[in-house]
Amino acid sequence: MDMEHRRLGSTGGAEAVLGLQPNSTMSIAYHSLFDSHNDITLLEIDEKLVPDILQQRVTIRGQPDEDAVLCTQSKTYALKFVGTSNSVFLIPPSDKAVEECNEKDDMTIPVASVIKVAPGSMELVEVAPKLDKLKFLLSQNPYSFVEASDMDISHEREKMNTGLYRWDDLADKVQASNEELRSGLQALLAVEIDGYWRVLDDKYMDMILNMLLHDVILNDWSFNALNEDEVLRALETDGFPCNIAMHCLKVYGNKVEEHIGGSCMWRLEERRVCVHFAREILKNGKMKMETFMAEWIRKVPDGMHASFDMLEGEVLTEKLGIETLVYYFSVSSLPSTPAERFNILFQERQKWEWKDLQPYVRDLRVPGLSSEAILLKYTRRTQPTVDAEPVFSAR
Amino acid sequence: MQIQVKCSCGEGDCPEWAILELQGTVEAQPSFQNSLQNLQIGILCRQSQENYTFSVGYHELTGTKVKLKKPMLVLKKIKLQNEEEMGERDVNSLRVELDVIGIIRHKILFKTRPKALISKPQPAVKEKVTQPSSTVPN
Ligand SMILES: [Zn+2]
């Protein structure tokens with residue numbers, strides 16, 4: 001038999017290879033469409049992700065200038081190409097549409113066809129979602145009181161439409177799974193307005209909160225038992241749309257119980273309200289501690305108690321001679337990738353005591369890395385004496 | 001940009017593909033290198049329950065069927081170039097989908113160095129063992 005000139009049909013398939021019986025033989029050949037499949041890639045995945053993929057709950061996300069990630073409903077994975085020097089012959093199942101050619105009477109053994117020699121495969125590495133980009137996108141065009149009150153000024157429309165993102169736009173632009181994106185929006189206190197996800201500008205938030213607190217006093221309501229319907233009605237009368245008023249309740253309060261007498265009840269959270277006023281006061285820069293505390297306590301509504309430990313992760317203090325200065329430095333304004341976070345932290349201060357550092361790093365998450373490992377990787381820990389507080393500095 | 005990963009095979013019905021994996025590369029004779037289609041690579045033989053051989057040209061490899069630690073999906077990129085859609089929307093709307101056309105759970109792996117077979121006719125395809133002797137006459 002002259003193998004040199006023997007060209008075989010491509011009717012066999014993977015099932016013949018995998019089902020080959022002991023003491024049997026088959027031929028392996030190049031497929032009639034060999035090499036025309038540069039659009040085929042292999043992706044290695046955990047068995048537990050197979051159902052997600054087959055049920056079409058998985059997308060690849062990324063802009064052309066970003067490394068693509070694969071997102072399931074809840075997680076984000078980097079795609080890593082792993083090459084091989086082996087010859088990996090890919091054999092598809094037989095194409096049942098193609099009937100055996102009748103001229104193959106001389107062939108006594110089945111044939112399986114190789115469609116491609118795979119140069120390697122993609123692997124998945126779980127990564128943190130790229131939520132800093134979400135923060136950046138939403139910060140481009142915060143929703144303001146001016147926009148809320150100007151109902152329809154068409155020449156303004158165009159300007160206002162820049163930096164506006166619907167859910168689908170965000171999913172297109174932000175490398176995060178749907179769940180991560182949703183909790184990212186929640187963490188940024190974003191709200192959906194006319195189909196676009198927005199953050200409210202500080203001034204607007206301040207106005208609504210002050211109006212709400214004013215209404216509480218006016219109507220003799222309790223911070224711990226705010227009737228949702230009554231609050232929304234009052235704020236609407238004051239000129240705040242229902243969805244914005246609702247957003248205010250979510251940002252500064254928690255739902256206590258579902259439906260007392262047909263209406264939801266809310267409790268204003270003391271800490272969140274107090275932190276808001278501290279932030280407002282410190283907007284213009286550093287202040288002497290005593291001045292700050294006096295003004296803060298004065299601003300906080302009656303019935304709420306401002307205490308300095310509420311400001312963990314929100315403010316820092318520094319000594320200036322005998323004075324202590326306090327200034328706004330919020331963890332929420334810092335990047336979420338550890339390298340960038342520590343970079344900024346060590347720019348701010350060369351040395352950190354653990355009690356100061358902890359509020360600024362406890363939210364850092366790196367898949368596969370514990371909090372201790374993150375610290376070890378990005379900081380140098382020194383402890384002057386055994387019972388002294390450990391001090392962290394840059395690596 | 002989002003690329004939907006789809007499986008058009010129907011629920012749980014994605015067909016199994018197979019991999020034949022061997023060390024090094026397989027090289028066709030120069031006269032066939034540009035037209036490999038339909039060309040025979042070698043003969044696969046299951047000699048016993050466990051042992052497989054793969055004869056490529058003068059060489060024989062021995063191997064076993066192994067279950068992959070993690071399955072592999074065979075993805076095919078599909079460009080959805082709907083012209084009217086292209087007209088209305090910007091370049092970002094050049095939509096692409098990835099279709100899962102197969103799943104691989106097993107491969108037949110030949111880990112051994114090839115063993116020379118004697119007195120066989122000149123094959124069209126050979127295993128590249130040492131040097132690619134491109135001077136082999138047809
Ligand atoms: Zn499929």
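In whole angstrom, how long is each semi-axis of the equivalent ellipsoid of the protein assembly as shown, when you take the square root of 5 times every eigenvalue of its Cα gyration tensor and sort them from largest down? Intermediate results must be reported in sequence, preceding the final value.
Numbers: eigenvalues 850, 165, 75 Å².
They are 65, 29, 19 Å, listed from largest to smallest.
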Once ligands and nucleic acids are excluded and a 1.4 Å probe is used, how much of A:W354 is accessible, expressed in Å² to the nearest 10?
90
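Rounded to the nearest whole Å², what accessible area per residue is found for chain A with the 1.4 Å probe? List each step's numbers first, then the result.
Values: 21100 Å² over 395 residues.
I get 53 Å² per residue for this part.
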Kindly report, to the nearest 10 Å², the accessible surface of A:K135 as traced by a 1.4 Å probe over protein heavy atoms only.
60
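Largest first, what is the accessible-area ranking of A:R182, A:R298 with a 1.4 Å probe?
Working: A:R182 130, A:R298 170 Å².
Largest to smallest exposure gives the sequence A:R298, A:R182.
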Residues whose placed amide H lies under 5 Å from that of A:Q175, excluding near-sequence neighbours:
A:K130
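What does the buried accessible surface come to for B and A, summed over both chains, with the probe at 1.4 Å? Round to 100 Å².
Numbers: alone 10340 and 24000 Å², together 28540 Å².
Heavy-atom accessible area buried at this interface is about 5800 Å².
Within the stretch B:3-36, which GluC sites (Glu not before Pro) sit in a loop by DSSP and count at most 14 neighbouring Cβ atoms inside 10 Å? Before the final figure, lay out the partial values.
Details: sites: B:E11, B:E16, B:E21, B:E27; in loops: B:E11.
The qualifying sites are B:E11.
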Heavy-atom accessible area per residue - the stretch B:1-49, 1.4 Å, Å²:
43
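Which order do A:R341, B:R105 take by accessible area at a 1.4 Å probe, largest first?
On the way: A:R341 5, B:R105 60 Å².
Ranked list, largest accessible area first: B:R105, A:R341.
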So how much accessible area does A:D309 have, in Å² to the nearest 10, using a 1.4 Å probe?
120
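Viscosity 0.692 mPa s, temperature 37 °C: Stokes-Einstein D of the stretch A:268-325 from its Kirkwood Cα radius, in µm² per second? Walk me through the intermediate numbers first.
On the way: Rh = 11.8 Å.
The Stokes-Einstein estimate is 279 µm²/s.
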Apply the Karplus curve 6.51 cos²θ - 1.76 cosθ + 1.60, θ = phi - 60°, to the phi angles in the stretch A:115-122 and return the couplings in whole Hz, x for Gly and Pro.
8, 6, 9, 6, x, x, 9, 8
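With a 1.4 Å probe and every protein chain kept in, tell me what percent of the accessible surface of the protein assembly as shown is carbon plus sulfur. Mind dumping the intermediate values first?
Values: 14460 of 28540 Å².
C and S atoms contribute 51 percent here.
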Accessible heavy-atom area order of A:I109, B:I41, highest first, probe of 1.4 Å:
A:I109, B:I41
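The values are calculated or read from the model by the stated rules, or taken from the named source; none is laboratory data. Note that the coordinates shown come from a computational prediction; the quantities given were computed from them, not determined experimentally. Cβ coordinates were reconstructed from backbone atoms using ideal geometry, including for glycine residues, and neighbour counts include every protein chain displayed. We work out accessible area using only protein heavy atoms, side chains counted, and drop any ligands, DNA or RNA first. Shrake-Rupley method; radii C 1.70, N 1.55, O 1.52, S 1.80 Å.
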